[in-house]
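All remarks here apply to the structure that follows.
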Amino acid sequence: MSNKYDKLKLENQLCFPLYAASKEIVRHYKPFLDKLDMTYTQYIAMMVLWEHKKLTVKELGEYLYLDSGTLTPLLKTMEKKGWIERNRSKEDERVLNVTITKQGEALREQALSVPEQMAGCVHLKQEEIAQLYQLLYKILDNL
C-alpha cells in the first residue's frame, strides 16, 4: 500500500535519472574534450557557432538554454582562447554579437572524433537514441 510520501521517493522522480544521466554523459565527454582544452559547455557553444558563424548572445543562449549570466564568463574564456570575438552591434550597442574566429573554426576539425568516441559510451540502438532525443526535446519544449 502506498502512502502520501511515496511521491517524494527518489525512485519516483523523473528528474533524477535525467539529472544523473546528464551528469554522467558530461563526465564521459571530459577526457575527449580535455584533449581540445575545452569544457562541455564550451563544446556545445562551439557546435552552435560552427553551424551559424555569428550570433547574438541572446540567440546563442536560446540555442543552449543558457542565460547571459552563464554565457558571459564562458564567452570571455572562449575569447581569451582566441576561438571567438565579441563585438557590440553597430545598429544597437545593447546587442553583443559573437563571431567564430579562424582559430575557433580550426577546432571543428579536431572535434570531429568526439561524437564517434561518445557513441561507444552510450549503449543504445539508433532507434532508441532517436526516441530518447524526441522525448527529451518534447520535455524541453513543454517547460
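Assorted remarks:
- Rounded to the nearest 20 debye, the dipole size of the chain about its Cα centre is 340 debye, using +1 on the Cβ of Lys and Arg and -1 on the Cβ of Asp and Glu.
- Here the Gaussian network model covers the chain, with springs between Cα atoms less than 10 Å apart; of D67, D34, D92, D92 fluctuates the most.
- Database remark: amide H of T56 closer than 5 angstrom to the amide H of V98 (H placed geometrically; neighbours at sequence offset of 5 or more, or on other chains; Pro and chain starts carry no H).
- Full-extension gain in nm, I25 to Y5, via 0.36 nm per residue minus C-alpha separation: 4.1 nm
- Partner aspartates and glutamates for K7 [C-alpha distance under 20 Å; skip if fewer than 8 residues away on the same chain]: none
- Most mobile of N97, N12, N87 in a GNM of the chain (Cα contacts under 10 Å): N12
- [x] 20, 19, 15; [y] 23, 18, 14; [z] 33, 21, 14, with the label sought being that of the calculated semi-axes √(5λ) of the Cα gyration tensor in Å: [z]
- Relative contact order, percent, the chain [alpha-carbon distance under 8 Å, six or more residues apart]: 20 percent
- The separation of segment 79-131 from segment 1-63, counted between C-alpha centres, amounts to 14 Å.
- Look at the alpha carbon pairs under 8 Å that are at least 6 residues apart: their mean separation over the length of segment 73-143 gives a relative contact order of 18 percent.
- For segment 20-88: relative contact order, % (alpha-carbon pairs under 8 angstrom, 6 or more apart): 19 percent
- Which listed pairs, of K76/K138; K58/K80; K53/K138; K80/K138, have C-alpha distances above 24 Å, in listed order: K76/K138; K53/K138; K80/K138
Bear in mind these aren't lab numbers, they're just calculated from the coordinates by the rules spelled out. Not measured: the values here are computed from a predicted model. Heads up, the Cβs are rebuilt from the backbone with ideal geometry, glycines too, and the neighbour counts pull from every protein chain shown.
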